[in-house]
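Beneath this line is the structure, given in structure tokens, with notes to follow.
The values are calculated or read from the model by the stated rules, or taken from the named source; none is laboratory data. Since the model is a prediction, treat every value here as computed from it, not as a measurement. Cβ: placed from backbone, ideal geometry, glycine included. Neighbour counts: every protein chain shown.
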Amino acid sequence: MREEAVMKFSLFFILVAILTLQARANECAAEREEFCSQVEPGKGQLMRCLNENKDQLGSKCQSALKEFVAKTKKSNPCFEELAENCSEMTSGRDRLTLCLIKNEKILGDSCRKDLTSKKDKFYASEPCADDLIDKCYSELTQPEGMAIRCLIKNKGKLKARCETAMNAKIQKMRATIPCFDDTEKFCPGTVNRGEIDKCLEKHKSKLAKNCQRYIEREIAIVKKNPCHQDIKNHCRPNLSDPQKFRCLELNEDKISNACLQIRKVKKDKIKKMEEVCESDRQKLCAKEQHANGMIVKCLRSNKAKVSKECAKLL
């Protein structure tokens, strides 16, 4: 069932990307610029915006949009409902399914039928489904980990299956997270990772040794890189460096001045590197993709061959 759900919702996001590309370069380019220039592509929001203005679209765009929606609904009957009701939900197939269950009464017939056919299997694989919907639904729109913290906060009020599952999860978290017990003891109402660290720092002398060492390491990291604290405040865990950079970019209006300054320096350096190292890139790394820092990695691996100016920047 999980593999089927992965395919289903992966297809959903792939099709959104297809529409985004179409809207940039095909029949709907002008309409996107006129009606939806402020809409951030993703999770069906561009399709939704165009559809809301369908009476004002050109005939070619109307036709393309109608064809796209028809094809998409065959593959994913809940496509429009997801775009309409679940755009605030953070990525994750389980969260999208929970959103559909939460909004089951207002789903279209084909979507409700599709959800009904999968609902029993989903409940079997997610013992805390009802508690997430009833007690922690708003946390599902927040960074990863917030919903778990909410369930922990509601321990003793959960349904029996969820209580059992959470007891096992807590045992595992206690074994792998050095500050788990101290967080529950000193910061039980705190869910944001950055705020948890600040709270624990206030109680540092009372923390367990492992937790003390963890907090000391985090303080040292933040002194070297103030953006580390902003990443913990605004981004989900376990992101790659390019993903962290992108997350900070999306949250630029919220991050600290110290982090903003570091990001400005990095952006200026990247811009200068693009200018100074371009000839070296063409000679040594022309086939490398621009994503995930592959060009910089390639240039660094060929540092002995690049120009002196480029080598200094690397």
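Data table
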quantity	calculated
Count of residues meeting criterion [closer than 19 Å to LYS153 by Cα and in contact with a His (Cβ under 7 Å, 6 or more places away or on another chain)] in the range 183-225	1
SER138 being among the small types (Gly, Ala, Ser) and either in contact (Cβ under 8 Å) with a residue 24 or more places away in the chain or out of contact with any Cys (no Cβ under 9 Å at 6 or more places or on another chain) (or both)	no
Test for PRO237: is it surrounded by fewer than 13 Cβ atoms within 10 Å (Cβ to Cβ), touching a Gly at 6+ places or on another chain (Cβ under 9 Å) and within 22 Å of PRO178 (Cα to Cα)	yes
Single residue of THR97, THR72, THR116, THR90 found to be more than 27 Å from LYS155 (Cβ to Cβ) and in contact (Cβ under 8 Å) with a residue 24 or more places away in the chain	THR72
Residues that are outside any helix (DSSP H, G or I) and either crowded, with 17+ Cβ neighbours inside 10 Å or of a type in the set (A, V, I, L, M, F, W, C) (or both), drawn from the range 163-199	ILE177, PRO178, CYS179, CYS187, THR190, VAL191, ASN192
Entirely in the range 236-314, the helices (runs of 4 or more DSSP H) that have 1 or more residues that are within 30 Å of THR141 (Cα to Cα)	241-250, 257-276
Scan of the range 230-243 for residues that are at pLDDT below 90 and of a type in the set (A, V, I, L, M, F, W, C), ordered by number	CYS235, LEU239
Total residues in the range 247-267, condition surrounded by 12 or more Cβ atoms within 10 Å (Cβ to Cβ) and more than 22 Å from the chain's Cα centre (by Cα)	5
Of all residues making up the range 93-135, the number that are farther than 27 Å from LYS169 by Cβ and either out of contact with any helix residue (DSSP H, G or I) (no Cβ under 6 Å at 6 or more places or on another chain) or part of a helix (DSSP H, G or I) (or both)	11
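One line per residue, one yes/no per condition, for (1) at pLDDT below 90; (2) within 30 Å of SER307 (Cα to Cα); (3) under 20 Å from the mean Cα position of the chain (by Cα):
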position	(1), (2), (3)
SER205	no, no, no
GLU216	no, no, no
HIS228	no, no, yes
PHE245	yes, yes, yes
LYS269	yes, yes, no
CYS277	yes, yes, no
ASP280	yes, yes, no
LYS283	yes, yes, no
ALA286	yes, yes, no
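For (1) farther than 17 Å from ASN192 by Cβ; (2) out of contact with any helix residue (DSSP H, G or I) (no Cβ under 8 Å at 6 or more places or on another chain), each residue gets a yes or a no:
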position	(1), (2)
TYR214	no, yes
ASN225	yes, no
LYS232	no, no
GLN243	yes, yes
CYS247	no, no
ARG263	yes, no
